[in-house]
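Asker: I have a structure here, written as structure tokens, and I will follow up with some questions on it.
Laboratory data are not the source of any read-out in this text; all were calculated from the coordinates shown. Keep in mind that this is a model prediction, so the values were computed, not measured. Quick reminder, even Gly has a Cβ in these numbers, built from the backbone with ideal geometry, and neighbours come from all protein chains shown.
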Amino acid sequence: MGRILIVDDDEDIRKILAVYALKAGLRPVLAKDGQEALELFLSRKYRFEIVLTDLQMPRMDGLALLAEIGRLAPTIIRVLSTSTDTRTDIAINVPKPVPLKFFQQLQQELM
């Protein structure tokens, strides 16, 4: 069971994504913005295999978070979820709403 860090400033979206992650066999940890996510990541309390983040959030946006995590742990799977057509080469891009099938595919990659 892989551990996934889910980052979104919308609490309802975080909860839905956590349910999808659980259904796919992943263990979710939730953060409300990039700064909280980075603090969780740096605490080393959890060993994350995947980080899935929203783009636009207060304190630290998703791109800044993914760039920093990529610098610290280049092999971690990084996913950027956004409702706009934002493309980046530092992460897998997935449009909102993120479907359950996507979480199942992530779990398969970890096996």
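Asker: Given the -39500 (n - 2.57) contribution per DSSP H run of 4+ residues, what per-residue ellipticity at 222 nm results for the chain, rounded to the nearest 500 deg cm²/dmol?
Answerer: Theoretical 222 nm ellipticity from helices: -12500 deg cm²/dmol.
Asker: When only C-alpha pairs under 8 Å and at least 6 residues apart count, what is the relative contact order of the chain, in percent?
Answerer: Values: 199 pairs, mean separation 30.0, N = 111.
In percent, rounded to a whole number, it is 27.
Asker: Looking at (1) 88; (2) 102; (3) 157, which value of volume of the Cα convex hull per residue in Å³ comes from a calculation on the structure shown?
Answerer: (1)
Asker: Determine, for each peptide in 14-24, 47-57, the mean count of other beta carbons within 10 angstrom over its residues, then list the peptides with the highest first.
Answerer: Numbers: 14-24: 18.0, 47-57: 21.3.
Result, highest mean Cβ count within 10 Å first: 47-57, 14-24.
Asker: Can you list residues whose amide H is under 5 Å from L26's amide H, if they're 5+ apart or on another chain and H is modeled 1.01 Å from N?
Answerer: The answer is none.
Asker: Another question about this same structure. Multiply the residue separation of Y46 and M111 by 0.36 nm, subtract the distance between their alpha-carbon atoms, and state the gained length in nm to one decimal. Let's see the in-between values first.
Answerer: Details: separation 65, 0.36 × 65 = 23.40 nm, distance 1.87 nm.
Gain in length upon complete extension: 21.5 nm.
Asker: Going through the cross-link list K23/K101; K45/K101; K32/K101; K45/K96, which pairs have a Cα-Cα distance over 21 Å in this structure?
Answerer: Among K23/K101; K45/K101; K32/K101; K45/K96, the Cα-Cα distance tops 21 Å for K45/K101; K32/K101; K45/K96.
Asker: At E68 and E39, where each label point lies 7 Å from the Cα along Cα→Cβ, what is the point-to-point distance in nanometres?
Answerer: 1.1 nm
Asker: Skipping prolines and chain starts, which residues have an amide H placed within reach, meaning under 5 Å, of the one on T82, given they are 5 or more residues away or on another chain?
Answerer: Amide H neighbours of T82, under 5 Å, 5+ apart: V94, K96.
Asker: Using θ = phi - 60° and the Karplus curve 6.51 cos²θ - 1.76 cosθ + 1.60, what whole-Hz ³J(HN,Hα) does each residue of the stretch 13-23 get, with Gly and Pro shown as x?
Answerer: Along the stretch 13-23, the couplings run 5, 4, 5, 4, 5, 5, 4, 4, 4, 4, 4 Hz.
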